[in-house]
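To keep things clear, I will list the structure first and then write my remarks on it.
Quick note: the coordinates plus some simple rules give every number you see, no bench work behind them. For clarity, every value in this text was computed on a predicted model and none was experimentally measured. Backbone-built Cβ (ideal geometry, glycine too); neighbour counts: all protein chains shown.
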């Protein structure tokens, strides 16, 4: 059940405000009895409620009287305070992240092979987005069959957002697809992939019949290979992320001539 405490009031403050709504204009002594807030605390509580702009006081009366602000206005003020507090927290966290980015810079990559895997549609796409975020120079995307990367949901949006961020970092992106795959994509997918990307000088899409599999090559050292679900080819069963410069070089050697002979695509 929702409570005024969820919006930042203390138990005594919440009790006092609710009591004021019931009693109407009243003195601190009368409010203490109506709210069960000890007399020794009631003035501090009322001062706090005034700072929140939840009560108004009539200083000219003797003794001083207090009245509650209407609930709609009071709740709006509490909500605005919470929003401001959250914005300040977000700025603090962003500052912490900016400091930690430099402090936690990864060391030089370890020579040799390292691989990991993710299983399930959600985990698979999380891994892909994570790896795209590490790209420094070049991303190659190859798709021969339908893939969640090109669906109409949040997965596609997350991939596009990460590609846009990569382009902003100066990373070039080459997307190679089969003509048959392009023909199966709804127009909205083409719009999503090209809106904000197609005009970028480092983003290029081509098509070729000579394409097999669905994978991503990152900075010529890492390959993310998508494993489709055999029961639903449009759904990813798993993704294998392989860091191996020699294997990545072999993949690049096969990709380059196919890219050179591919046709530029206009959505």
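Quick look at the numbers
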read-out	value
Where only alpha carbons of segment 4-74 are counted, the Rg and the Dmax (Å)	10.8, 34
Distance between modelled label sites at residue 64 and residue 199, nm, 7 Å Cα→Cβ extension	6.0 nm
Value at 222 nm in deg cm²/dmol, rounded to 500, when DSSP H runs of n ≥ 4 in the chain each add -39,500 (n - 2.57)	-15000 deg cm²/dmol
Alpha carbon centroid spacing (whole Å) that separates segment 235-267 from segment 54-100	54 Å
Peptides ranked, highest mean first, by Cβ atoms within 10 Å: ranges 21-27, 217-223, 82-88	217-223, 21-27, 82-88
Length released on extending from residue 172 to residue 50, taking residue separation times 0.36 nm less the Cα-Cα span	38.2 nm
For 64, 202, order by how many other beta-carbon atoms lie within 10 Å, fewest first	64, 202
